[in-house]
Structures are given as structure tokens and as C-alpha cells.
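Below is one structure; the comments refer to it alone.
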């Protein structure tokens with residue numbers, strides 16, 4: 001069969017089948033809106049350029065115009081966030097069949113949440129200042145602060161996480177998760193926006209790090225690549241469905257270092273202040289403050305070629 005013949009005979013039928021599948025799965029309860037992922041990525045660009053204008057601004061500008069660049073990205077980011085959020089809230093109301101909900105109420109709520117979030121931008125940037133300082137102090141290979149901003153994936157991942165977290169705690173739907181998954185795609189670092197992370201946080205190298213939704217991390221904590229702060233098990237209800245919204249991930253107190261490949265699981269697991277968790281440790285129980293947790297030293301077998 002020729003390609004043109006295939007299209008003439010099958011394209012409409014196949015399209016109708018795909019439409020039916022989509023309609024069954026989620027189109028009737030769609031709360032995202034078309035183009036939302038692209039718009040959210042554009043929003044990330046505006047917010048990052050507002051916080052780091054000399055790093056993320058796409059247009060080259062003289063120093064005297066940096067303030068104007070920040071202001072433009074703040075305005076663009078505000079408009080984008082409001083637009084996405086308004087459509088999300090309207091669709092969410094429709095799906096939940098709130099008879100008292102009107103588009104005007106959703107618009108007002110979107111305005112309130114947008115204002116609340118944008119007002120936090122200086123605070124988020126100050127938190128990132130401490131994170132950048134932690135990266136510079138914690139990596140002997142770092143020679144310049146600019147090197148960290150331009151080249152360290154963890155800075156990008158943590159910056160996007162901190163933006164998303166401020167949205168998450170305000171119960172802004174979907175957008176925070178899209179943001180952190182975008183960071184995950186680009187850096188290999190998976191931080192759920194619901195996690196709570198203190199000041200002076202640094203992930204060295206970063207690839208393969210996973211931080212779960214209900215994880216809490218204190219101040220001055222350092223992780224290396226491949227660390228997982230995850231769930232030990234998943235509770236189910238009487239019908240066998242996963243129970244959501246319960247504490248599943250560990251607590252990491254202040255001044256803790258966790259080396260590469262370590263896996264720490266469970267909502268009742270706590271790593272005490274000042275502890276060091278060695279590489280490739282598997283930990284499902286709490287450890288007291290100032291502990292040192294290591295695996296037994298392996299005994300490698302070395303054979304010389306004769």
C-alpha cells in the first residue's frame with residue numbers, strides 16, 4: 001500500500017480511535033488546558049531570569065538595563081502564572097461540579113494566589129543565595145560562583161524546586177509538579193515540590209538523586225549523586241487503592257551528609273543532626289544525632305594476569 005492510500009483510508013479512522021481513548025481517559029476531566037506544559041516552561045524561564053538576570057536572560061544587555069530586564073521578566077511571569085492558574089481553577093471547578101463556583105470567583109482566586117507567590121520572589125532568591133554559598137563552600141573543585149550558576153545542575157534543580165514549593169504549599173494545582181519534572185528531565189535530579197528543604201542545601205554532582213513528597217530536610221545538608229530519600233512501603237485502603245497524603249518519606253535533620261548511592265526509606269525514619277551516612281548504605285530505621293553509618297568494608301579480589 002502506498003503512503004497516500006494509507007492516509008486516505010486510515011487516518012480519519014485512527015484519529016477517531018485516538019479521540020475515543022483520550023475521551024475515556026481524561027478529556028472529560030481535563031484541568032490542564034492546551035499548551036500548558038509549554039507555557040509552564042516559559043514561566044520557569046521568566047522566573048529564573050528575574051532571579052538570575054545575567055545567567056538566564058536571553059537578551060544580552062548593558063548593566064544599566066539589568067533592572068529593566070528583571071522587571072520585564074517579573075511582569076511576564078506574573079501574567080503567565082495568572083493565565084495558566086485561572087484556566088486550571090476554572091476547569092477544576094467544572095470537574096468538581098461546584099454549583100456555586102463562577103469563573104469570576106476562579107479569576108479572583110487566581111489573582112490572589114499569583115500575588116501571594118510573586119511577592120515571595122525576593123525570599124526565594126535569598127534562599128538560593130545560601131544554597132549557592134553552600135555549593136561553593138562544599139565543593140573544592142568550585143573556583144567561581146559564576147561557574148556554579150552556569151554549570152551545576154543541582155543549582156538549577158534546587159532553584160526550580162524552591163519556586164515550585166512555594167506554589168505547592170499554596171495548593172496551586174499541577175503547575176509545581178510540571179516545574180519539578182521539567183527540572184528532572186534536564187538535570188536528572190528528582191525533587192518533589194512537596195518536600196520541605198531548609199537553608200544552605202547542596203547536592204554535589206546530583207545525577208539520580210530522588211527526594212520524595214513528604215521528606216523534610218533541615219539546614220546545611222549535603223547530598224551526593226544517587227541518593228534516594230524514598231518510601232518504604234505504600235499503604236492501601238480496604239479497596240486496595242493507594243492511600244495518598246500520608247507521611248511516607250524520611251526526615252533529615254541539620255548538618256547531615258549523605259554520600260553517593262545511599263538509600264533512606266520510610267516516613268518514620270529520621271537521620272539525626274550531624275550524622276554521616278556512607279555510600280551505598282540501605283537505611284530503614286532512625287539513627288541518633290552525630291551517628292556514622294557505613295557498610296562493612298568489602299574485600300575485593302585482585303587477580304594478576306600471568
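The values are calculated or read from the model by the stated rules, or taken from the named source; none is laboratory data. In this text, all values refer to a predicted model and were calculated from it rather than measured experimentally. Ideal geometry is used to build each Cβ from the backbone, glycine not excepted, and the neighbour counts take in all protein chains shown.
Quick check on residue 208: is it surrounded by fewer than 18 Cβ atoms within 10 Å (Cβ to Cβ), within 20 Å of residue 135 (Cβ to Cβ), touching a strand residue (DSSP E or B) at 6+ places or on another chain (Cβ under 9 Å) and not assigned by TED's automatic domain parsing to the domain that holds residue 168? Criteria met by residue 208. Being crowded, with 20+ Cβ neighbours inside 10 Å, outside the structural domain of residue 139 (by TED's automatic domain parsing) and over 21 Å from the mean Cα position of the chain (by Cα) is not true of residue 217. If you go through the range 264-282 and keep only what is within 20 Å of residue 194 (Cβ to Cβ) and either in contact with a helix residue (DSSP H, G or I) (Cβ under 6 Å, 6 or more places away or on another chain) or surrounded by 16 or more Cβ atoms within 10 Å (Cβ to Cβ) (or both), you end up with 264, 265, 266, 267, 269, 270, 271.
Just one of (1) assigned by TED's automatic domain parsing to the domain that holds residue 139; (2) in a strand (DSSP E or B) fails for residue 183. It is (2).
A single entry from 104, 116, 111 fulfils the requirement of being exposed (fewer than 12 other Cβ atoms within 10 Å of the Cβ), out of contact with any strand residue (DSSP E or B) (no Cβ under 7 Å at 6 or more places or on another chain) and part of a helix (DSSP H, G or I): 104. Candidates are the residues of the range 37-60 that are loosely packed, with under 13 Cβ neighbours inside 10 Å and outside any helix (DSSP H, G or I); the one that is nearest to the chain's Cα centre (by Cα) is 58.
Here residue 165 fulfils each of the conditions (1) more than 10 Å from residue 202 (Cβ to Cβ); (2) in contact (Cβ under 8 Å) with a residue 40 or more places away in the chain; (3) buried (at least 20 other Cβ atoms within 10 Å of the Cβ) apart from (2).
For the range 235-268, the set of residues classified as under 26 Å from residue 298 (Cα atoms) and part of a loop (DSSP other than H, G, I, E, B) consists of 256, 259, 260, 261, 262, listed by residue number.
Selection of the range 194-213 for residues being on the phi > 0 side of the Ramachandran plot and in contact with a helix residue (DSSP H, G or I) (Cβ under 7 Å, 6 or more places away or on another chain) yields 200, 206.
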